[in-house]
Amino acid sequence: MKPAPFELARPTDVAAAITLLRDGARVIAGGQSLGPMLNLRLAQPGTLVQVNQLPELCGVASDADSVTIGACVTHAAIADGLVPDIGNGVLARVAENIAYRAVRNRGTIGGSLCHADPAADWVTVLTALDAMVLLRGPDGERSLRAADFIRGPFRTALAPGEILFAVSIPRLPPDSRWGYEKACRKPGDFAHAMAAVLLHRTVRRAVIGALGGKPLLLQGDAVSVEGATSALQDLDPVMRHMQLTVLRRALAKAGA
Amino acid sequence: MGEGVGQSVPRLEDDRYLRGKGEFIADIRLAGMRDLAFVRSPVAHARIRGIRKPPGAVFIAQDLAGVQPIVAMSGLPGFKPSAQPVLASDKVRHVGEPIAVCVAATRAEAEDLAAAVEIDFEELPPVVDMRAALTSKTKLHDHWDNNIFLETFVEVAPERFAQPASIVVRRHLRTARQCMSPLEGRGVVATWDRRLEQLLIYTSTQLPHIVRTGLAGCLGLDQARIRVVAPDVGGGFGYKGILLQEEVCAAWLTRHLGHPVRWIEDRREQLTGNANCREHDYDLTVYAEADGTLIGIDAEAVVDAGAYSAYPFSACLEAAQVASILPGPYTMRAYRCRTFSAATNKPPILPYRGVARSSVCFALEVSLDAVARQAGLEPHEVRLRNLVPPEQMPFENITNKLFDSGDYPQCLRRVIDAIDLPSVRRRQAEATDALRIGFGCTIFCEQAAHGTSVYAGWGIPMIPGFEQAVARMTPDGGLELRVGIQSHGQGLETTLAQVANEILGIPLASIRVVHGDTAFTPYSTGTWGSRCMVMAGGAVGTACRELSDRIARIGAHLLQAPTDAVHVGNGAVSGPSGSVPIAEVARTWYLRPQDLPTDVSPGGLEVTAGYKPLRDSGTFSYAAHAAVVSVDTELGDIRILDYAICEDGGTLINPTIVDGQVIGGTAQGIGTALYEAMPYDASGQPLGSTLADYLLPGATEVPEPRIDHMQTPSPLSMFGQKGIGEGGAIGPPAALANAVNDALAPLGVELTELPITPHRVLAALLAR
């Protein structure tokens, strides 16, 4: 399959990109998800606005509280330790297990969030880390919690004309414990169960992903296999068993 | 070290492959060439009420004047033939069936045209499940009285089944529909040569001569007006052993449009329209004595043959083989097998590497492990009780297969030793319920290079006879070998040259193997059924021996010695008083005919010779596979911890190449066992339409098997070689299923359906 005809716009800055995002135009970054969708003609945008060449979207900044990663930083750059660590090497370890190296070389953290595949690592992990998603549109900037940004399967809070320009991830407090597990048929394959757990003095958070929809966020006392069991009542029993197993293992990794 | 038979010389063709210098279909560029895109059925079963074409070069069945449908008959009694339209016009019978073809400057533009074609379907109830197909009121082919291409029945001493038996194991087993996935998909480039008034069609095929014969029939052209070239072909496995509707369309279009056209299959076309193999369903009962000695097997097998009988192997080859190979390498007294080739709204079945054997082996060997558990024996012990013993070789089995040679029990013992079963049992005893360890083994044989007598019985459009080869010297002393087969990964450019080297001693660097081109090679049924090393190897050997005689006569003259006093070898003719290089003999024949002896063969240094083995019932290579797996009983994940193979391919022409065949086949067998499945929903839609959904094993899923070789020569073939191309793919489903079942037996779980996915493992565990 080859894509339906489209115009390709390559703006030189984010402001120009936003101007270009008129009706039907879509942002393309690494193209690791949108590329196949174009080829399968599942997506037929009139205009593609390519953004992964924009320096504003490829930067990294950090301060005492958080690390801010430009939307077009690749999984490979994160896996290779080219962005500051939020603690325990969490981001690099997640990134290095995303798909295959060829995908990591092109795929971006912002693109992954905007595509909002329920089985995507960043969708689950950034929700668990309580990252902020920074958006810019014709009316200015705004920011949302990752949990609020992801609205459902392949659905986000991105408004027309808006682009995601960075993700701001809180640094892990020194006493925090992290656990991340996913179950895949093959290394690099889409996960059919995933769970991320973050525990420290003031926070208890677990996120279950690959549910086919919005990730399930458990907080406080609900962070347990029992809590997840009741939340996943409607799931196919086999899939529920897998999700609970993965959660149990993530909890164990986090020392819960 | 020599370069002849038995030497692990590096493959000659690898230089161009590894440097990216191969030429595959998609590498071919012809002036004025335009791309084709097909409009394919989005529904499984429907009548076509109307087609609206957009402006542009769009062709439907009514436009292809004079084109006949593809018909692959079988001579087996009761076979119902189907007419497979090149483009569907009245009815579609599977998702992906071509309906229209669009021509444009690029594939993308051709797809734009295809997207604008509107088709009015009247949907019909789909026939999706093969067992339901047998009794369904909905019929695929309106003039048939049911959906059965062919029913076969064979029985030997069935009265035994009525007598009591200590062990009776009955199992229902299923294998999944798969999609053969060579790295290079199918592809066609077609052009009309006005000077020669000849169609030149490049196609990624295993059978160039058969494609020519089939094309000529569909197009109404003399066969001499068609030249089929298979350039470098990036894997076949049976996927390219077929006459394609796309080939017929491309051939018609180039002739009538006056410019070259090409069609390159993409992964979506392959996955959605060509999941076409391996789907079997068995109701199998094994009767045995208390000590595990087999009494007999009683089976009913259904093969999902899809919508049409594909050319040339037909819709019934697979099921017909099931009936004849189900007894495996074992002796037994009674046998009964009924098979059905069911027509369903799925792509037509093709024979995939191992043809029926990987499913048959799975069904029989999983049942034999159940016998072993009932008898309280280790899995290999029950097999050793029943394997054909070496002293009875050659052995005619209960379905009249002639096992030519070998020591099956030794093969099994060697693989059990290699896997170190006692140590596996110790680790198993220490394992927890959360992570179980299991051991599984299997032994099977692989019939190869079976010829005229076997295929004449099936009566399909292609019956192999004598295989021919041309051996010809060039004036500078080089040797060209021309063969009608096609090498697409088997390394035949190397191994056939090794055969010639064995006889003539000409260095491999001076030997070229010409193949895959109907203009340059003798007729052949092509590359399938692990036949090439026996058949084309035998033909090359025969031609080289004749060539050797002719060389000897000229050489003797040059040496002034009697012909019977010289011999050919090491690239020279040697006599009592010295030797003369073969290159000098060639120079004399071509450039200095005045120096030739009077008794020289006027045929010169070019020989066409034909070959058949002493008996054409086929060589039987065989192998035992043993696997150790771990099963995560909380997630259902299976890991292969160890994999050992003992294989007997008779005399190995090139052991390294044989290892490659075994490893590649094993990788595909692991796919069959654990990953590959094309599920269809109730409406007949294929659900694995991308490689994210249709899982193939990759580097992380395929362990490096430990391979041990026995080399029992075949008494039938020229050097004792046996066909060996498919065995790797046959064993893994049985060995791995048995290993998983061994791991889970203490938990009371047995899996009998492939692939064994985490979901299936967990579902079985949770259902306890």
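The values are calculated or read from the model by the stated rules, or taken from the named source; none is laboratory data. The model shown is predicted, which means the values in this text are computed figures rather than measured ones. Methodologically, a virtual Cβ is constructed for each residue, glycine included, from the backbone with ideal geometry; neighbour enumeration extends over all protein chains shown.
Data for the structure
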read-out	value
Residue identified as within 22 Å of B:R615 (Cβ to Cβ) and surrounded by fewer than 18 Cβ atoms within 10 Å (Cβ to Cβ) among B:I463, B:I485	B:I463
Those residues of the range B:16-65 which are loosely packed, with under 15 Cβ neighbours inside 10 Å, within 31 Å of the chain's Cα centre (by Cα) and not in a loop (DSSP other than H, G, I, E, B), in sequence order	B:R16, B:Y17, B:L18, B:D27
Exclusive hit being of a type in the set (D, E, K, R), surrounded by fewer than 19 Cβ atoms within 10 Å (Cβ to Cβ) and more than 26 Å from B:G723 (Cα to Cα), set B:R512, B:R550, B:R587, B:R545	B:R587
Test: residue in the range B:673-685 that is touching a helix residue (DSSP H, G or I) at 6+ places or on another chain (Cβ under 8 Å), farther than 28 Å from B:G529 by Cβ, within 14 Å of chain A (Cβ to nearest Cβ) and of a type outside the set (K, R)	no
All helices (runs of 4 or more DSSP H) inside the range A:5-101 with 1 or more residues being away from chain B (no Cβ under 14 Å) and modelled with pLDDT under 95	A:14-20
Set B:T272, B:T293, B:T285: member being within 14 Å of chain A (Cβ to nearest Cβ) and among the β-branched types (V, I, T)	B:T272
Among (1) within 14 Å of chain B (Cβ to nearest Cβ); (2) small (G, A, S); (3) assigned to a strand (DSSP E or B); (4) surrounded by fewer than 22 Cβ atoms within 10 Å (Cβ to Cβ) - the single one A:A193 does not satisfy	(4)
Count - residues of the range A:130-146 that are surrounded by fewer than 24 Cβ atoms within 10 Å (Cβ to Cβ) and farther than 19 Å from A:L20 by Cβ	7
Pair list, Cβ under 8 Å, 6 or more apart: the range B:257-268 residue within 14 Å of chain A (Cβ to nearest Cβ), other residue hydroxyl-bearing (S, T, Y)	B:R267/B:T690; B:R268/B:S689; B:R268/B:T690
Candidates B:L744, B:L751, filtered to the one that is at pLDDT 95 or above, part of a helix (DSSP H, G or I) and among the aliphatic types (A, V, I, L, M)	B:L744
Residue list for the range A:92-112, restricted to those being farther than 22 Å from B:L691 by Cα and either touching a strand residue (DSSP E or B) at 6+ places or on another chain (Cβ under 7 Å) or without any contact (Cβ under 8 Å) to a residue 12 or more places away in the chain (or both)	A:V94, A:I109, A:G110
Close pairs from the range B:626-638: first away from chain A (no Cβ under 13 Å) and touching a residue at least 24 places away in the same chain (Cβ under 8 Å), partner of a type in the set (A, V, I, L, M) and assigned to a loop (DSSP other than H, G, I, E, B), Cβ under 9 Å, at least 6 apart	B:S630/B:A431
Search result, residues across the range B:639-666 that are within 14 Å of chain A (Cβ to nearest Cβ) and buried (at least 20 other Cβ atoms within 10 Å of the Cβ)	B:I640
Residue list for the range B:354-372, restricted to those being touching a strand residue (DSSP E or B) at 6+ places or on another chain (Cβ under 9 Å) and either among the charged types (D, E, K, R) or over 15 Å from B:T175 (Cα atoms) (or both)	B:R357, B:E365, B:L368, B:D369, B:A370, B:V371
From the options A:R240, A:R204, A:R155, residue that is free of Cβ contacts under 8 Å to residues at least 60 places away in the same chain, within 14 Å of chain B (Cβ to nearest Cβ) and of a type outside the set (A, V, I, L, M, F, W, C)	A:R240
Those helices (runs of 4 or more DSSP H) lying entirely in the range B:412-514 with at least 2 residues in contact (Cβ under 8 Å) with a residue 12 or more places away in the chain and farther than 25 Å from B:G731 by Cα	B:452-458, B:492-504
Candidates A:G220, A:G161, A:G179, filtered to the one that is closer than 21 Å to A:A119 by Cα, away from chain B (no Cβ under 14 Å) and not charged (D, E, K, R)	A:G179
Boolean, B:D742 is surrounded by fewer than 24 Cβ atoms within 10 Å (Cβ to Cβ) and touching a residue at least 60 places away in the same chain (Cβ under 8 Å)	no
Residue satisfying all of: in the range B:686-705; within 14 Å of another protein chain (Cβ to nearest Cβ) and among the charged types (D, E, K, R); surrounded by the most Cβ atoms within 10 Å (Cβ to Cβ) among these	B:E701
Number of positions in the range B:756-768 that are in a loop (DSSP other than H, G, I, E, B), within 10 Å of another protein chain (Cβ to nearest Cβ) and touching a residue at least 24 places away in the same chain (Cβ under 8 Å)	1
Subset of the range B:350-406 [buried (at least 20 other Cβ atoms within 10 Å of the Cβ) and of a type in the set (V, I, T)]	B:V355, B:V360, B:V366, B:V371, B:V382, B:V388
